[in-house]
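Presented below is the structure to which this report refers.
What follows is calculated from the coordinates using simple rules that are stated; it is not laboratory data. Remember, it's a predicted structure, so these values are computed and weren't measured experimentally. Every residue, glycine as well, gets a Cβ built from its backbone with ideal geometry; the counts of neighbours run over all protein chains shown.
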Amino acid sequence: MLPETVRARLDLSYDGTDFSGWATQPGLRTVQGVLEDALVRIVRQDAYPRVTVAGRTDAGVHARGQVAHVDIEQQAWARMPGRAQRTPAEGLLSRLDGVLPDDVVIRDVRVAPEGFDARFSATQRRYAYRVTDAVPDVLRRRHVVRVSRPLDVDALNGASSTLLGLRDFAAFCRGREGATTIRDLLELSWRRETDGPDAGLVVATVRADAFCHSMVRSLVGALLTVGEGRRDLGWLAAVAASETRSQAIAVAPAHGLTLEEVAYPDDALLAERAEATRGRRTLP
């Protein structure tokens, strides 16, 4: 007997400039709202096509490697190819391409493996933050933040290394009732690009199992003050030790941040990973 619904995995990218973030909000243009409106037009079914995403980005934040899933009723899924010789996944991809605005692109649609959950099955998220301390490229003004002082990349990396590992990032998170702020920060590194389209930019790579609200931009905002020479490691250590959100941190602007990649385990481990992620995390 066939299951009642098919879970479709959507791989997508978007320019966050003109969106009020991912999550649906009344009266505001959001990525989730635009995508679900498109699905309502395409997928003729009784249940509203609610989309679950790997990382809920804030207003103005971009995504190159976002992942989401949506459950579609079997009969509606079977209608996706229309009269064309294509799979239902190919049909959904083509139909979405025809109705979505230019600042959202669905790169791939496929049937999700058993146990897949775009949010809870993820093992890592990787973000990039792009900043320049030189004359900015006007064509990149929507994706690069300009700072007024020279940045010391060695100082940025030295400061970042003190924040790695499993710890409570309450100082860098906007709290949500009932949500933990314990995260495992796997990578936080900086490099000055010397060639390619990013030549001249200072790019931070931030990778963790998950992020709490505003965590990446808060980390970047704190570290930039060290990289500019305005703060030292003692200040950063004191801030990081706070058990509540630190008012000393200026959150970095949203438009410099891009979600680059979401990673998942092997298919056989997806359900197990989702179950483990749903459990409330504590420090050992």
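Structure notes:
- Spin-label proximity, L28 to the range 212-247 - amide N less than 17 Å from point 7 Å beyond Cα toward beta carbon: 213-215, 217
- Phi to ³J(HN,Hα) by Karplus 6.51 cos²θ - 1.76 cosθ + 1.60 over the range 49-63, Hz, x for Gly, Pro: x, 6, 9, 10, 10, 6, x, 7, 6, 7, 4, x, 7, 9, 9
- Antiparallel beta bridges, as assigned by DSSP with both residues in the range 124-263, represent about 90 percent of the total such bridges.
- Dipole check for the range 5-111: with +1 at the C-beta of Lys and Arg, -1 at the C-beta of Asp and Glu, and the Cα centre as origin, the magnitude is about 400 Debye.
- Computed from point charges on the beta carbon alone (+1 for Lys and Arg, -1 for Asp and Glu), the dipole magnitude for the range 124-263 about its Cα centre is near 440 Debye.
- Neighbour-limited loop hits for GluC sites (Glu not before Pro), the range 1-101 (at most 16 other Cβ within 10 Å; DSSP other than H, G, I, E, B): E4
- Residues with amide H under 5 Å from that of E260, placed H, sequence gap 5 or more: R64, G65, R126, Y127, A128
- Theoretical FRET efficiency, 1/(1+(r/R0)^6), r = Cβ-Cβ of L283 and D232, R0 25 Å, to 0.05: 0.40
- For the chain, size of Cβ-based charge dipole, Lys and Arg +1, Asp and Glu -1, in debye: 460 debye
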